[in-house]
Amino acid sequence: MAKITYIEHDGTEHSVDVKTGLSVMEGAIKNNVPGIDADCGGACACATCHVYVDAAFEGKTGEKSAMEESMLDFAENVEPNSRLSCQIKVTDELDGLIVRLPESQH
Amino acid sequence: MSDLKAKVVILGAGHAGGAMAAFLRQAGHEGPIVLIGDEPIGPYQRPPLSKAWLKGEADADSLALKDPAWYADNGCDLKLGVRATGLNRGDKTVTLSTGETVSYDILVFATGARARKLPIPGADLQGVLELRTAADAEALKAALGEGKRLAIIGGGYVGLEVAASARALGAHAMVLERETRILARVACSQLSDFFIAYHKARGVSFELGVEITAFEGEGGHIRRVRLADGRAIDCDAALVGIGAIPNDDLAKDAGLECVNGIVVDLDARTADPDVFAIGDVTHRPLPLYDRQFRLESVPNALEQAKVAAGVIAGKPPLTPEVPWFWSDQFDLKLQIAGLPFDADTILVRGDPATAKFAVFHLKGDQIQAVEAVNSPPEFMMGKQLIGNRKAVSPERLADTTVSMKEVIA
Ligand SMILES: Cc1cc2nc3c(=O)[nH]c(=O)nc-3n(C[C@H](O)[C@H](O)[C@H](O)COP(=O)(O)OP(=O)(O)OC[C@H]3O[C@@H](n4cnc5c(N)ncnc54)[C@H](O)[C@@H]3O)c2cc1C
Ligand code: FES
């Protein structure tokens, strides 16, 4: 279990417990956090699960695959701390993770 | 006019229905939600059934849209294993297979589509399978394994994905297709040529332009597929993957207009203001292409669920999305955006021999559709350009030394 805080673009916070092994995207969908669409259900095919990872956790969320890198390159409003949340596996180390959501996923 | 306290009854607890319940709560809807589904389990994702799940790379938990407790915790009465059997729009009630009658303020059809059957002798033999539900997928998985021979009737996406997964499990896969090319209804011939070669190189065999006349068995179990030319193809199981038919019968019987699916407007509403329809069961407007069409994809189901939830909860309208779809086969990721309606030119960017290329369908200097194989930039940029209708330069688009960010005319 890791506590993850998703912060919507308008500032609304959702703190939920997510089972380790799930992805950060699945944690949002299962808890009905608005703002992550996840059209492709985690196949790294849609970039509608885009999040900004809090600076304190950037080193702990794993490396981006070439596919993720390439999808993000063309997503909107991308920042250096942008990630596709379906590609971040939840580990105990991520307890306390904060991710911010973009204004829109489309 | 929206009423946040309205009782919303959703027929069909699939991807669209499950997402609808979730989006209603996200949009602030407070009234009761009743979600009625005839499958034994709650809403789940179907795409992995032919891909990651079939290969054993995803478990049932990860397929479920929500944890089982979510529904009760969120005021959603999930009725499983129950079929809606009648609709009375006059007194706004639905009859269920349990004999119960449920009243509604707002009704949402999310009944999806069912696998098309092949009405030939032997279709009821054991081992003649289809793939639409998790239960179907369990039966298919049980029929696969080292050395097993699977005959796949129909070379569409589901058939090809299953062929690739079957190979990964050590089974033999033979695709039997009536048309002279695979993916004939859903992709261009360049893509068909590429996919058939890629599959063949990985041990899938194909028979094109063949008609199947019977499934033949012994002891009630399928043993071979009989072709019209007299040949027989031996197999241990056969998967019929020849498309899907919308579950619109209930709507039709209740006098709602259906044309290969329930006709809805851009708000996902039928001609009855209290009845919506979303997902695979709808015949919906495609504003980018100026026509009505039936789509079968998760992004479409999610878009319509979100639109309908927003309309019911009185939210501002959303911008229509560009239709899109994906398919995973072996190590290939195919991403398709748009639909090739009215296209006058087909342009290939990149070299199919490298398994990294994209096919663009242009109408003049506008992109109508893109089919991208292992090419996320082409897909992502193509999808944006389809949506914002910006003109591109075909010469630059065909030139891979020009980046996708620089192809705008
Ligand atoms: C094997 C497979 C692979 C796929 N791969 C992809 C893919 O890669 N990408 C993609 O975008 N899409 C894919 N799809 C398509 C996608 O799954 C569908 O577009 C999506 O499920 C549509 O959602 P829906 O809710 O409209 O229909 P469904 O998910 O089919 O849900 C409809 C539900 O309603 C139930 N129902 C029907 N009638 C009644 C009734 N009278 N009473 C009660 N319940 C009823 C049905 O049993 C079903 O549970 C795939 C589909 C399959 C089968
Ligand atoms: S859910 Fe589609 S890319 Fe993450």
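A few points about this structure:
- Label-point separation, B:ALA135 to B:ALA353 (7 Å along Cα→Cβ), nm: 5.1 nm
- With contacts taken as Cα pairs under 8 Å at a separation of at least 6 residues, the stretch B:1-57 carries a relative contact order of 42 percent.
- Evaluated with a Cβ-only charge set (Lys, Arg +1; Asp, Glu -1), the stretch A:40-106 carries a dipole of roughly 140 debye about its Cα centre, given to the nearest 20.
- Here's the picture: a label point sits 7 Å out from the Cα of B:LYS363 along the beta-carbon direction, and within the stretch B:273-305 the residues with their amide nitrogen under 16 Å of it are B:285-294.
- Total lysine pairs in the stretch B:1-115 at Cα distances under 18 Å, for residues eight or more apart or on different chains: 4.
- Antiparallel bridge percentage (DSSP; both residues within the stretch B:73-221; nearest 5): 45 percent
- Expected-Rg normalisation [2.2 N^0.38 Å, Cα atoms] applied to chain B: 1.03
- Across q = 0.21 Å⁻¹, the stretch B:326-409 modelled as identical point scatterers on its alpha-carbon atoms has Debye log10 I(q)/I(0) values of -0.90, in the order of the q list.
- Counting only whole DSSP H helices of chain B, the ones at least 20 Å long by C-alpha along their axis and with mean Kyte-Doolittle hydropathy no lower than 0.5 are B:298-312.
- Inter-chain shielding of B:296-309 (mean C-beta neighbours from other protein chains, 10 Å cut-off): 2
- Normalised by the number of residues in chain B, the average gap of Cα pairs under 8 Å and 6 or more apart makes the relative contact order 14 percent.
- Simple label model, 7 Å out from Cα along Cβ direction - B:ALA201 to B:ASP272, nm: 5.4 nm
- Tensor-based shape of the stretch B:174-294 (alpha-carbon gyration tensor, a/c under 1.5 rounded, otherwise prolate or oblate): oblate
- Per-bin percent of Cα-Cα distances, the stretch A:2-100 [10 Å]: 17, 56, 26, 0
- Mean separation of Cα pairs under 8 Å and 6 or more residues apart, divided by the residue count, gives the stretch B:128-240 a relative contact order of 30 percent.
- By average C-beta atoms within 10 angstrom, highest first, the peptides B:316-328, A:24-36, B:346-358: A:24-36, B:316-328, B:346-358
- Between B:THR213 and B:ARG226, B:LEU227, B:ALA228, the built amide H atoms are under 5 Å apart, and every one of these is 5 or more places off in sequence or on another chain.
- Of the GluC sites (Glu not before Pro) in the stretch B:163-255, those whose Cβ has at most 15 other Cβ within 10 Å and which sit in DSSP loop: B:GLU179, B:GLU211
- Label sites at B:GLU100 and B:THR85, each approximated as a point 7 angstrom past Cα along Cα to Cβ, lie 1.4 nm apart.
- The convex hull around the C-alpha trace of the protein assembly as shown, projected and averaged over every direction, spans 24.5 square nanometres.
- Positive-end extreme of charge dipole, the protein assembly as shown - chosen from A:ALA66, B:ALA232, B:ALA201 (charges on Cβ): B:ALA232
- Computing FRET efficiency as 1/(1 + (r/R0)^6) for A:VAL16 and B:ALA228, where r is the C-beta to C-beta distance and R0 is 56 Å, gives about 0.45.
- Counts of other chain beta carbons within 10 angstrom of each beta carbon in peptide B:369-380 average 3.
- Relative counts (whole %) of C-alpha pair distances in the stretch B:128-240, using bins that are 10 Å wide: 15, 48, 33, 4, 0
- Packing rank of B:64-71, B:273-280, where each peptide gets the mean count of other beta carbons within 10 Å, highest leading: B:273-280, B:64-71
- Computed on the Cα atoms alone, the convex hull of the stretch B:275-366 gives a volume of 122 cubic angstrom per residue.
- Computed over the alpha-carbon pairs of the stretch B:1-117, the distance histogram in 10 Å steps reads 13, 42, 32, 11, 2 percent, short to long.
A short reminder: the numbers here are calculations on the coordinates, not readings from a lab. Only a predicted model underlies this, so the values are computations on that prediction, with no experimental measurement involved. As a convention, Cβ positions derive from the backbone with ideal geometry for all residues, glycine included, and neighbour counts pool all protein chains shown.
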